[in-house]
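The values are calculated or read from the model by the stated rules, or taken from the named source; none is laboratory data. On a predicted model such as this, the values are computed, not experimentally measured, just so you know. Note that each Cβ is placed from the backbone with ideal geometry, even for glycine, and that neighbours are counted across all protein chains shown.
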Amino acid sequence: MQTRSPFFDDLSRLMTSAAGVAQGARSEAETAFRGFVERWMAENNFVTREEFDAVREMAVKAREENEDLKARLDALEAKLAAE
């Protein structure tokens, strides 16, 4: 027959509590670090991924429009030269 020792029960509860506190501290540290990085990036004029992707899309669209306009201009110049 096995008996439970109050010492080991207390030690087990203490370790469980310590693990919970450590997890909470880790979560707080991650949140604080994330906030620090976001503030640092904002202060140094870094852009977010969403802003970068939006501007990139605009540039791609503008490049496509420029290529279409160039093709139309080349066609008009060729037609004018043929006359």
Practice problem: For residues that are under 16 Å from the mean Cα position of the chain (by Cα) and modelled with pLDDT under 90, tally how many sit in the stretch 10-38. | Solution: 1
Quiz item: Has the stretch 39-54 got any residue that is exposed (fewer than 10 other Cβ atoms within 10 Å of the Cβ), on the phi < 0 side of the Ramachandran plot and outside any helix (DSSP H, G or I)?
Solution: yes
